[in-house]
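Enquirer: Provided herewith is a single structure, encoded as structure tokens, for subsequent inquiry.
Derivation of every value follows stated rules applied to the coordinates shown; laboratory data play no part. Computed from a predicted structure; not experimentally measured. For neighbour counting, all protein chains shown are included, and Cβ atoms are generated from backbone atoms with ideal geometry for every residue, glycine included.
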Amino acid sequence: MSDQTISPASGIGFRHMAMAASRGLLAVERLAIMALMFLLTALILVNVVTRYSHFPIYWIDESAVYSVVWLTFIGASAMTRLRLDFAVKMMTERLSAAKQKLLKVMATGMVIVFGVGLIITCVLWMDPVGIIGAGFDAKKFAGQSFNFLYTERTQTLNWPTWVLYLTLPIFAISMTVHGVANLLEDLGLVPREAPKGFQLSDLDGVN
């Protein structure tokens, strides 16, 4: 009886943690999206003014590009939870409700598989164990592994490129967490939650 009582409790605990993690990530992503949109707008306006004044700031273009990159990945993660990713329903809408639910679960599962695969790829690429083993010496690590990620710097900002590339593992983790939350809802294990801070109409969601 102990196994039967522990197993449901652990399942409920996992579901609660998964939904809470997704909810917290979505709140942080909402703030990050607003901040990046404000930053991007400010950079573009400053760039326009300084160019017309014949005093262009050379690093603004690169800053705007990286702001767009971060905004894209963070926004894509939030869209996963909001179910705003594109879906083609020409075939599924002709199926029964049970088969539609099955295909929806499979599609959500593929999002999780992609997220986990991207996490593994980022770990292999960034090799945190290797850089720690090299004593955080980027040149030593590059000489041992021929991985020059930690020695590269941006052209105008002169920032370490690995800092800017952190958007990839962050995106992979957050998309996986959101995918798990969506899967729990699709399986009917938890009630579907209305996203807080996002005003969506019935026509906004396509998945």
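Enquirer: Residues of segment 76-121 being in contact with a Ser or Thr (Cβ under 7 Å, 6 or more places away or on another chain), under 19 Å from Glu29 (Cα atoms) and among the hydrophobic types (A, V, I, L, M, F, W, C), which ones?
Expert: Residues satisfying the conditions are Val111, Ile112, Ile119.
Enquirer: Ok, one more. Within segment 121-132, identify whether any single residue is within 30 Å of Asp186 (Cα to Cα), out of contact with any helix residue (DSSP H, G or I) (no Cβ under 6 Å at 6 or more places or on another chain) and part of a helix (DSSP H, G or I), and answer yes or no.
Expert: yes
Enquirer: From the list Thr151, Thr156, which residue is in a loop (DSSP other than H, G, I, E, B) and in contact with a Lys or Arg (Cβ under 8 Å, 6 or more places away or on another chain)?
Expert: Thr151
Enquirer: Just name the residue that is surrounded by the fewest Cβ atoms within 10 Å (Cβ to Cβ) out of those in segment 136-184 that are charged (D, E, K, R) and more than 25 Å from Ser63 (Cα to Cα).
Expert: Filtering first and then ranking leaves Lys139.
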